[in-house]
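The values are calculated or read from the model by the stated rules, or taken from the named source; none is laboratory data. Everything numeric here is computed off the predicted structure, so don't read it as measured data. Glycine gets a Cβ as well: all are built from the backbone with ideal geometry, and neighbour counts include every protein chain shown.
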Amino acid sequence: MITLATIEQQTRDYAAVRRAALDQAAQIQGEIDAVRERHAKALRRRVQRTTEAHEALFERIAAAPALFPEGAKSIVVDSIKVGYQKGKPKLEVKDEAATIRVLQSLMDGANAAYAERLATALKTTTKLVDAGLKKLRSLCKTPFTLSLSKGSSNQIKDFDRRSPNGIGLCRTSLTSEELLEVGVALIPAADSVLVMPQEDDATKAVDALIKAAQADIADGA
């Protein structure tokens, strides 16, 4: 029969084995900390040299883009991939408040579809939303109608279908020139220098040790 006394005893047994496990874990962690401390200075020196070598390699590659033409943007040497990698276009907003005011003024009096799309570029906190701004590239203020002949493709890039008879269409984003009118500059994608180890033998523990050493160096330890 189960009594409160047996529950209390079983709880003590559980507490004892749990405490033993915690003590074992603490002992292991203490030994790990001691080993880490013993090798910390040497590891920091190696990480510092690695950082310097990486920066020197980066600068050397950045100074010789002609060595990595289209079709051969990168090479792998001793498990390190170096060269250039494709970048992504960026949006640059010089005056966020001014751009917000322009977008809000465009929303006033706009048709529902256009106003809804404009709204995706703003958060309820009235801040610009990059994803929404990108969607504005080629949006029209009013839909227009396009008649398709038989055999024409039903897939029209960058347009929304509006009516079942003729086809009412509206561009799905703003052009770069139209973005400039609301104070947003589209920065074209640019290749960036690539220095990336390719081997897959670094464990999370090793990576954590290296990151900790890098943090120590950054802190001036």
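Before moving on, here are some points about what is shown:
- Members of the range 198-210 that are within 20 Å of residue 56 (Cα to Cα) and modelled with pLDDT of 65 or more: 210
- Number of residues in the range 69-101 that are surrounded by 14 or more Cβ atoms within 10 Å (Cβ to Cβ) and of a type in the set (Val, Ile, Thr) equals 5.
- Beta carbons closer than 9 Å, at least 6 apart along the sequence or on distinct chains, pair a first residue in the range 63-75 that is closer than 16 Å to residue 192 by Cβ with a second that is hydroxyl-bearing (Ser, Thr, Tyr) for 65/84; 68/74; 68/84; 73/84; 74/84.
- For the condition within 29 Å of residue 215 (Cβ to Cβ), modelled with pLDDT of 90 or more, outside any helix (DSSP H, G or I) and of a type outside the set (D, E, K, R), residue 35 does not qualify.
- Taking strands (runs of 3 or more DSSP E) as the structural unit, those lying wholly within the range 61-130 and holding at least 1 residues that are within 23 Å of residue 185 (Cα to Cα), at pLDDT 85 or above and within 22 Å of the chain's Cα centre (by Cα) correspond to 80-85, 90-93.
- Taking the criterion of being closer than 30 Å to residue 84 by Cα, surrounded by fewer than 11 Cβ atoms within 10 Å (Cβ to Cβ) and charged (D, E, K, R), the residues of the range 8-58 that qualify are 49, 52.
- Residue 145 vs. criteria among the β-branched types (Val, Ile, Thr), at pLDDT below 65 and exposed (fewer than 14 other Cβ atoms within 10 Å of the Cβ): yes
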